[in-house]
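The values are calculated or read from the model by the stated rules, or taken from the named source; none is laboratory data. Note that this is a predicted model, so its numbers are computed, not measured. Quick reminder, even Gly has a Cβ in these numbers, built from the backbone with ideal geometry, and neighbours come from all protein chains shown. To get the accessible areas, we keep the full protein, side chains included, count just its heavy atoms, and leave off ligands, DNA and RNA. Shrake-Rupley method; radii C 1.70, N 1.55, O 1.52, S 1.80 Å.
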Amino acid sequence: MAQNQADAARRDWLSPCFLGAYAENDSLLESVLVELLRDHCYWRRNVHPEDPPLIPILARDSREYRDFVARMKTELHGLSARLKRTVPFYNPRYIGHMASDLLLPGLIAQLVTTLYNPNHVTDEASPATLSLELEVGLQLARMFGYATDEHHEPCAWGHVTSGGTLANDEALWYLRAVKYWPLAARNACRAAAFEPGHLIDLPDDFTVLDDWALFNLSIERTVALRRALLRSIDEQLDRRNARALAAAIEAARIEALGVAGFHAALDLETTPCVMVPVTAHYSWDKALKLLGMGSANLISVPVDERMRMDVDALEDALADAHARHKPVLAVVGVLGSTEFGSIDPVDRIVSLRHRWRKRGLDYGIHVDAAWGGYLASIFRDASGGLVDHAELRRRFHYFPSESVHHAFGALRHTDSITVDPHKLGFIPFGCGAYVARNRAATDFISQKAAYVFDAEPDEAEYQRRFHNLGKYIIEGSKPGASAAAAWITHRVLPLDQGHFGRLCATTIDNCEYFFEHIDELAAELNGIARIILPFEPDTNLICLAINPEGNRDLGAMNRFGEALYQQMRAGTGVDPHQREFYGSRTRVHRSSLREPMARRLTDALGLDPDSFVVDPDDSGQQDDSLFLLRHTLMNPWLSGHGTDSHGMNFLDRYCRWLGKLIRQTIK
Ligand SMILES: Cc1ncc(COP(=O)(O)O)c(C=O)c1O
């Protein structure tokens, strides 16, 4: 009874949010779109209404006009027909990758804003909407617990990117600009024989410090050092020499000299590294390549049995870097890993930095929350406070574990965060975001030389600065439509537990439901196949490993998994109408697991432990990875009330279908 009431309540608030798997809200979408389209046309007519129309009404009768329209319609219908082969992400039968139905406010905002075509590279091309993008940055920052009071430092900022990959690139781009700056400033001051004296709370004049000491200044100290130095230059030198030295600092930076040129002049033994968990998305590899830092400098830290970064292993990696004087640019925690949804212990990553800072090793902490970032809305109350663990535990069956709660609570202590509105934000693709705790870092990015007169920007200066957003981000021209989509979504569903958090909570409900029903599926297939959950989920992704009963070879098990996957994969050459369900797959590599964990998996699956190895032989029985079916459970209609005549919901139906598929495939 209580469950029915909860289902009904959920249906009530969820019903207007999406177009719906059956396009149930088609007339709502159509009426709002038509209304706003008309509004757009009135706007066109009201810009200098005294001007005569340029397209004469009679033009419609001309042959060329009609030909053009005919061609356009033919091609558009062709496109529309082609689009029918698109993967139906909106449907609860889709549990593959990180995509689902789109929230109506964002979808409509995106379509309508495109009519106005704002370009957020500068407010000259987007006076009406650029501020919305900056507001999105602050909305997200507040969800993560960053301070956003514009009158106090640090004050956060953030902006929309094309996706998580670019936000990750930008995080490293920013950290590199800040971390290397003291070295460039020292080199330029030494070359100019400029002695600034004691500037900030450093034990010495910074120009006598060595590379290691300067690279290991914190972001906050580097911000303070830059301001103090520029002030000192301004006070001690005449305007011409001050400008010349400021320009010399810019010319001495890694951004000007290039990695090789910069490092050639240093004592730093090697280029810096970036530490990520082995579960990190491959965009990190790309980021290091792109910045010329070399993917060999991406250090993969092992994970524990829940696929979370192993902080003891991180400690070892940091100790090793410290011993070798290998600079560390950043440690990256993942909040919702791509394959498993696992949540790295951000709180412990933060505490570890405190300790290493005291020993002279300092680095940025970035959190890749491309997937899990929006789950932070579950943890925020309406006044911006962190909801306590006990309260959240009453709402869910298992979520959040204490460790997950601590991780979300510690986000405010990190330096920057990637989050993707186009994933768990339910917004159309092309919308990621980079959010940083301290906007003062933008002082280091400007594409123009820093002159003495903008040494200490005030709030008004920051506002002016962001109106030239293109100078502070990697991208240039960029669509205002995706920022508008995110902004409107956060306005309609504020990022707290009572609004957006409710939607995110349904994804956790899905996961808990699936988690609780896997045992039934496993029992049903007893004696036919072994189904195990290799890792307990932290959030809303679940992987399953499946091995036909009696099979001992990992190679055979992986081929069996692939055969199952072929029945649920989407992609070129697959008719989406022929699919019962759409799933995805992943593999867990032996090299990323510790021995007891690998042994636990092979035992539970009835596999020969010697078939799961780092270096497989050619027998076809061994493999270095274990196949998993991966389920992204973000569609809010997956669990809850039953939807078919037997009262089964989509997850029940999926389990039944998967059981049947396993039996058939074994046959
Ligand atoms: C954790 C994580 N980081 C980064 C990315 C890259 O995001 P995008 O595909 O939006 O570039 C993904 C994508 O799945 C991800 O899961």
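Here are a few things to note about the model shown:
- Selection of the range 520-564 for residues being assigned to a strand (DSSP E or B), within 15 Å of residue 663 (Cβ to Cβ) and in contact with an Asp or Glu (Cβ under 8 Å, 6 or more places away or on another chain) yields 529, 530.
- Among the residues of the range 392-425, those identified as in a loop (DSSP other than H, G, I, E, B) and within 13 Å of the chain's Cα centre (by Cα) are 420, 421, 422, 423, 424, 425.
- Of the residues making up the range 512-569, those that are of a type in the set (Gly, Ala, Ser) and either more than 23 Å from residue 341 (Cβ to Cβ) or open to solvent by 20 Å² or more (accessible area, probe 1.4 Å) (or both) are 522, 523, 527, 529, 550, 555, 556, 563.
- Residue that is nearest to the ligand (Cβ to nearest atom) [pool: residues in the range 372-391 that are outside any helix (DSSP H, G or I) and among the charged types (D, E, K, R)]: 380
- Taking residues in the range 378-401 that are touching a residue at least 40 places away in the same chain (Cβ under 8 Å) and open to solvent by 60 Å² or more (accessible area, probe 1.4 Å), and partners anywhere that are outside any loop (DSSP other than H, G, I, E, B) and among the hydrophobic types (A, V, I, L, M, F, W, C), the pairs with Cβ atoms closer than 7 Å and at least 6 places apart or on different chains are 386/379; 395/505.
To keep it simple, each residue is scored yes or no on (1) open to solvent by 40 Å² or more (accessible area, probe 1.4 Å); (2) of a type in the set (Asp, Glu); (3) at pLDDT 95 or above.
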position	(1), (2), (3)
296	yes, no, yes
305	yes, yes, no
310	no, yes, yes
313	no, no, yes
317	no, no, yes
321	no, no, yes
325	yes, no, no
333	no, no, yes
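- Check on residue 362, more than 16 Å from residue 335 (Cβ to Cβ), open to solvent by less than 20 Å² (accessible area, probe 1.4 Å) and either charged (D, E, K, R) or in a helix (DSSP H, G or I) (or both): yes
- Scanning the range 335-371 for residues that are touching a Phe, Trp or Tyr at 6+ places or on another chain (Cβ under 8 Å), of a type in the set (D, E, K, R) and over 23 Å from residue 540 (Cα atoms), we see that the one that is farthest from the ligand (Cβ to nearest atom) is 362.
- Condition check for residue 184 on (1) under 30 Å from residue 433 (Cβ atoms); (2) open to solvent by 20 Å² or more (accessible area, probe 1.4 Å): one failure, at (2).
- Listed by first and then second residue, the pairs linking a residue in the range 184-210 that is among the polar types (S, T, N, Q) to a residue that is surrounded by 20 or more Cβ atoms within 10 Å (Cβ to Cβ), with Cβ atoms under 6 Å apart and 6 or more places separating them unless they lie on different chains, are 187/252; 207/186; 207/189.
- Count of residues meeting criterion [modelled with pLDDT under 95 and exposed (fewer than 14 other Cβ atoms within 10 Å of the Cβ)] in the range 595-609: 2
- Taking the listed residues 592, 625, the one that is among the polar types (S, T, N, Q), closer than 30 Å to residue 301 by Cβ and open to solvent by less than 10 Å² (accessible area, probe 1.4 Å) is 625, with no other qualifying.
- Considered as a group, the residues in the range 141-200 that are polar (S, T, N, Q), in a helix (DSSP H, G or I) and within 28 Å of residue 482 (Cα to Cα) include one that is farthest from the ligand (Cβ to nearest atom), and that residue is 168.
- Checked against (1) within 30 Å of residue 541 (Cβ to Cβ); (2) assigned to a loop (DSSP other than H, G, I, E, B), residue 108 passes all but a single condition, namely (2).
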